[in-house]
Amino acid sequence: QARLVESGGGLVQTGGSLRLSCAASGRNFSSDAMGWFRQAPGNQREFVAAISWNGGITNYADFVKGRFTISRDNAKNTVYLQMNSLKPEDTAVYYCAHSFAGGAPAARFVYDYWGQGTQVTVSS
């Protein structure tokens with residue numbers, strides 16, 4: 001049974017940083033694209049960032065460009081999201097997901113496995 005487990009969320013002040021991790025188990029995802037999404041209360045789940053299987057292609061939502069960095073360590077079957085210059089509007093539950101599509105896709109429908117999410121709260 002494939003499983004994705006996020007960690008690293010928490011409470012941080014505006015301008016602070018957090019590093020999220022997503023550990024995969026039960027299946028090797030090193031040949032597949034991975035992504036991060038987020039969902040704030042009352043909002044739909046939205047794309048944040050994605051990375052191709054070898055890290056050669058990355059894709060970011062406009063609202064995180066220059067602040068967030070997605071990376072992966074295939075030897076550890078783990079994907080990361082480094083979040084800097086955090087803003088209160090970044091407050092959300094962040095989800096890691098596996099994609100069956102190539103490249104670094106943003107479309108939610110090409111993601112099939114999802115983690116349980118980790119809460120990120122940015123105080124003003």
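The values are calculated or read from the model by the stated rules, or taken from the named source; none is laboratory data. Remember, predicted model here, so these are calculated numbers, not experimental data. For neighbour counting, all protein chains shown are included, and Cβ atoms are generated from backbone atoms with ideal geometry for every residue, glycine included. These area figures cover heavy atoms from the full protein model, side chains too; ligands, DNA and RNA do not enter into them. Shrake-Rupley method; radii C 1.70, N 1.55, O 1.52, S 1.80 Å.
Listing for the model above:
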quantity	calculated
Any pair with Cβ under 8 angstrom, 6 or more apart, that starts in the stretch 18-29 at a residue that is open to solvent by 30 Å² or more (accessible area, probe 1.4 Å) and ends at one that is part of a loop (DSSP other than H, G, I, E, B) and basic (K, R)	A23/K76
F68, sole failed condition from (1) under 24 Å from S123 (Cβ atoms); (2) modelled with pLDDT under 95; (3) open to solvent by less than 30 Å² (accessible area, probe 1.4 Å)	(2)
Members of the stretch 1-33 found to be under 19 Å from G102 (Cβ atoms) and either in contact with a His (Cβ under 6 Å, 6 or more places away or on another chain) or in a loop (DSSP other than H, G, I, E, B) (or both), listed by number	A2, R27, N28, F29, S30, S31, D32, A33
Selection status of Y113, without any contact (Cβ under 8 Å) to a residue 24 or more places away in the chain and of a type in the set (F, W, Y)	no
Some residue of the stretch 101-120 being closer than 19 Å to A40 by Cβ, open to solvent by 40 Å² or more (accessible area, probe 1.4 Å) and in a strand (DSSP E or B)	yes
Options N43, N74: the member that is surrounded by fewer than 12 Cβ atoms within 10 Å (Cβ to Cβ), of a type outside the set (S, T, Y) and either under 16 Å from A104 (Cβ atoms) or over 14 Å from the mean Cα position of the chain (by Cα) (or both)	N43
Residue match in the stretch 80-95 (condition: open to solvent by less than 10 Å² (accessible area, probe 1.4 Å), farther than 18 Å from V122 by Cα and either in a loop (DSSP other than H, G, I, E, B) or at pLDDT 95 or above (or both))	no
Which listed residue, of Q13, Q1, is closer than 18 Å to G115 by Cβ and open to solvent by 40 Å² or more (accessible area, probe 1.4 Å)	Q1
Subset of the stretch 30-40 [within 18 Å of S7 (Cβ to Cβ) and surrounded by fewer than 16 Cβ atoms within 10 Å (Cβ to Cβ)]	Q39
Identity of the residue in the stretch 50-65, outside any loop (DSSP other than H, G, I, E, B) and in contact (Cβ under 8 Å) with a residue 40 or more places away in the chain, that ends up most open to solvent (accessible area, probe 1.4 Å)	T58
